[in-house]
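In what follows, a structure is listed as structure tokens, so that the remarks can point back to it.
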Amino acid sequence: MVMTTPFRSDFELDEEGLRKQTHFLLNSGIEEGTGVLIPAATTGECPMLTDEERGRIFRIVVEETKGKAPVVAGCIHTDTRALIKLATYAKEVGVDGLIISPPHYWAPSEEIILNHYKTICKETDLGIMVYNNWFATQVDISIETMSKLAELPNIVALKENTPYIEKFHKIVDTLGNKIAIVNGAGEQHEPYIFLMGAKGFVTGLANFIPKTLLKIYRVEREGEYVRARNMHRKITPLVDFIEGGESSADGIARMKAAMELVGIPAGPPRPPLTPLDERGKEKLRKILTETKLCDKLELV
């Protein structure tokens, strides 16, 4: 699951809040075999984090996890050299793997993408999950390019965010026996992507309803896709609200608002992102109250 990054009211990193958040997730059932913690990635507002802050976040999550769940560090950077420094520190503090996207800002060519990952793989032996975040890179990594990346020894997984369901099906058929392919679009595409052969799905909603998402995942693993679909339909209004802002970044503010409503430290999103307004919070409170969840929520 992709973790949000808690901030104080002055927008500084809330280290104590991060420790509490990590324990909440572990105590809710995210552990080796059922889930992975991904700090300081897109949902963690990585574009607004300094490299020093990312390192502190990695260290805190590893310290609090104590090996109970794998920690995959969000190492998303356009500068390959800076990313290598971040990956080196991540290994030093004990993370289990890295999630790395192609460089962004300029739409990268295949040559740039391959050079980025090849250079990183020479400098770390940690397993790498490729993050196909086409919305940031302007490129939906092709199956041909991903096949070349899968030949690199460090590449062990793909967070596939392609908007094309037929492409997801083809990439699972092509590479599913070589690397683990995960549904990067999360709840919106479940359980259909799991049925295609995904090994799991990335979730942001697990920041505040982890037991519900873990239940859906377990039901999918048991092959009960109709039951999983019916469970998913119950949370569709909540998923639609979280993902339904004017900007794709609004989902972060809405997740953080939901966390605060259930008593989990989150704080505001960092500028230029804006927090959910009071009218939105009341709508969110109503949805949380009316949605049938495995999590027993006590709204504050």
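Bear in mind that the values in this text are calculations on the coordinates, not laboratory data. Keep in mind it's a predicted model, so treat the numbers as computed, not measured. For neighbour counting, all protein chains shown are included, and Cβ atoms are generated from backbone atoms with ideal geometry for every residue, glycine included.
Which of the trypsin sites (Lys or Arg not before Pro) found in segment 1-101 are loop residues per DSSP with 16 or fewer other Cβ atoms within 10 Å of their Cβ?
Arg8, Lys66, Lys68
Using the Karplus curve 6.51 cos²θ - 1.76 cosθ + 1.60 with θ = phi - 60°, what ³J(HN,Hα) values do you get for each residue of segment 243-256, in whole Hz, with x for Gly and Pro?
Per residue, the Karplus-derived 3J(HN,Hα) values read 8, x, x, 5, 10, 4, 6, 4, x, 5, 4, 6, 4, 5 Hz.
May I ask you to evaluate 6.51 cos²θ - 1.76 cosθ + 1.60, the Karplus curve with θ = phi - 60°, for each residue of segment 38-50 and list the ³J(HN,Hα) values in order in whole Hz, giving x for glycine and proline?
10, x, 6, 9, 4, 5, x, 6, 4, x, 9, 9, 6
Can you give the FRET efficiency to the nearest 0.05 for Arg233 and Thr274, using r as the Cβ-Cβ distance and R₀ = 22 Å?
Efficiency, rounded to the nearest 0.05: 0.10.
Work out which GluC sites (Glu not before Pro) in the chain are exposed loop sites (DSSP not H, G, I, E or B, at most 14 other Cβ within 10 Å) and give the longest gap free of them. Before the final figure, lay out the partial values.
On the way: sites that count: Glu12, Glu32, Glu151, Glu222, Glu224, Glu246, Glu298.
With a cap of 14 other Cβ atoms within 10 Å, the longest stretch comes to 33-150.
With the calculation restricted to Cα positions, what are the radius of gyration and Dmax of the chain in angstrom?
Final numbers for Rg and Dmax: 18.2, 51 Å.
Using each residue's phi in segment 57-67, evaluate 6.51 cos²θ - 1.76 cosθ + 1.60 at θ = phi - 60° and report the 3J(HN,Hα) Karplus result to the nearest Hz, with x for Gly and Pro.
Calculated HN-Hα couplings, in order: 5, 4, 4, 5, 5, 5, 4, 7, 6, 6, x Hz.
Treating only the Cβ atoms of Lys and Arg (+1) and Asp and Glu (-1) as charged, compute the dipole magnitude of segment 15-222 about its Cα centre; round to the nearest 20 debye.
Roughly 320 debye, rounded to the nearest 20.
Round to a whole angstrom and tell me the spacing of the C-alpha centers of segment 150-222 and segment 253-275.
For segment 150-222 versus segment 253-275, the Cα centre distance is 26 Å.
Quick one: if the Förster radius is 25 Å, what FRET efficiency do Lys281 and Ile165 give, using the C-beta to C-beta distance and rounding to 0.05?
My answer for the efficiency is 0.15.
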